[in-house]
Amino acid sequence: MTANSNHAGVVPTGKTSVPARKTRRVLAIDDSPEIRMIIGETLDLFGFEAIVAEDGDRGIQLSREQIPDLIICDINMPGLDGYGTLKAMREHPATATIPFVFLSGSTDRVAVRKGMELGADDYLTKPFTPQELMASVKARLEKQDEIQRLSNQKLDELRGSLSLALPHELRTPLNGIMGLAHLMMEDYEQMPPEEVLESARFIHESALRLHRLIENFLVYSQIELMGHESKTLIAPGTAPVAIQEILPEICNRVSRVHKREGDLQLRTGEVGLMVPAENLAKITEEIVDNAFKFSQPGHPVEVTAGPVNGQFQMTVRDQGRGLRQEQVTRIGPHMQFDRQTYEQQGAGLGLFIAKRITELLGGEVRIDSKVGEGTTVTITFPTPGI
């Protein structure tokens, strides 16, 4: 088999046509016809589909047309070199995540480091044996397969969490609102005032539950956008917030929602914190709500806030069911653990929102949890205001 140096495309094999089969596709970009031929024949021998290009521009075009599983690219080429080719690949959505292996006769560590900094996945030096080529190809593809497997697993978990949480969270309060409103409209003449009041209270509580769900989705969208744009939540001229004035009102309100006022144990020092009051309120509300939600009545929820070693620290501790360590590391948007086993409210956004807001304010979140013993969430800001 020979490679045509004047045309870039699928390397001809010289074999009779066979039914189409699913094979891994590899794009080789090199200005040397001999190198393209060697790579093409080796890939074909090991059951891969080879595509070849004689320069970076043609390689970019082919990569977007045929979306290979792997790209092997020479560094030193006339016109657009390997670095420029890689940069263009990484900037285009269709090719941004394709594994990329640099090919060069240079063993200079500076060249290797530059390639890796641009996002190359591996580096193969010339001359190379077929075994070395295939070892690099297979290693990169196996790593990509593992990344895809983990991505699919997380996507499946997210789908499961959404399919369990969202329909319940939307339908339950909405059904209550519609049902009671219909009942009140149908029987308003016969309903005693106390029953009307009780129905109105339930409608109001259900509406608040829906309102909070919608609010959390909006907050989540906003903070994710700000995170991608590297923006901070602290605006110029932000005044210090007296935590001893804000935290008690929020914590008491959350405990009343859960009808567990007696379980709240609150201790606050006097600190002026340089964060927006509404952000501190949201962080506190979500973490304290989480502590009540995942612990049983009669068990305390401890909230401690104040200066610790020159920093502001707020700790929320519950005696709930706790999380396994691997669950703690996987906390993210819409992730709810063991929902099939435990009935719980929420869309899995609260703790994640609190964590992201804290990080955007320059703080840190630490979560310590043990199954059967409870969870402790610690919020730390490096420098309290004066």
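The values are calculated or read from the model by the stated rules, or taken from the named source; none is laboratory data. No experiment lies behind these values; they were computed from the predicted model shown. Cβ coordinates were reconstructed from backbone atoms using ideal geometry, including for glycine residues, and neighbour counts include every protein chain displayed.
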Only one of SER199, SER206, SER161 is surrounded by 15 or more Cβ atoms within 10 Å (Cβ to Cβ), small (Gly, Ala, Ser) and modelled with pLDDT of 85 or more; which? SER199
Return the total of residues in region 49-96 being outside any helix (DSSP H, G or I) and without any contact (Cβ under 8 Å) to a residue 24 or more places away in the chain. 2
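Here's the yes/no breakdown for (1) of a type in the set (Lys, Arg); (2) within 23 Å of ILE214 (Cβ to Cβ); (3) at pLDDT below 90; (4) buried (at least 18 other Cβ atoms within 10 Å of the Cβ):
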residue	(1), (2), (3), (4)
CYS251	no, no, no, yes
ARG267	yes, no, no, no
VAL271	no, no, yes, yes
ASN290	no, yes, yes, yes
PRO297	no, no, no, no
PRO300	no, no, no, no
VAL303	no, no, no, yes
GLN336	no, yes, yes, yes
ILE353	no, yes, yes, yes
From the list GLY362, GLY346, GLY372, which residue is closer than 17 Å to GLN296 by Cα, modelled with pLDDT of 75 or more and either of a type in the set (S, T, N, Q) or outside the structural domain of LEU208 (by TED's automatic domain parsing) (or both)? GLY372
Scan region 243-295 residue by residue and report those that are touching a helix residue (DSSP H, G or I) at 6+ places or on another chain (Cβ under 9 Å), in a loop (DSSP other than H, G, I, E, B) and charged (D, E, K, R). ARG260, GLU270
Of the residues that sit in region 54-113 and are farther than 25 Å from LYS138 by Cβ and of a type in the set (S, T, N, Q), which one is surrounded by the most Cβ atoms within 10 Å (Cβ to Cβ)? ASN76
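Would you confirm whether or not region 317-332 contains a residue that is outside any loop (DSSP other than H, G, I, E, B), crowded, with 20+ Cβ neighbours inside 10 Å and modelled with pLDDT of 85 or more? Walk me through how you get there before you give the answer.
We begin by selecting, within region 317-332, every residue outside any loop (DSSP other than H, G, I, E, B); these are 317, 325-329.
Next, from what is left, pick out any that are crowded, with 20+ Cβ neighbours inside 10 Å: none.
No.
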Subset of region 97-107, residues assigned to a loop (DSSP other than H, G, I, E, B), touching a helix residue (DSSP H, G or I) at 6+ places or on another chain (Cβ under 9 Å) and not hydrophobic (A, V, I, L, M, F, W, C), comes to THR97, PRO99, SER106
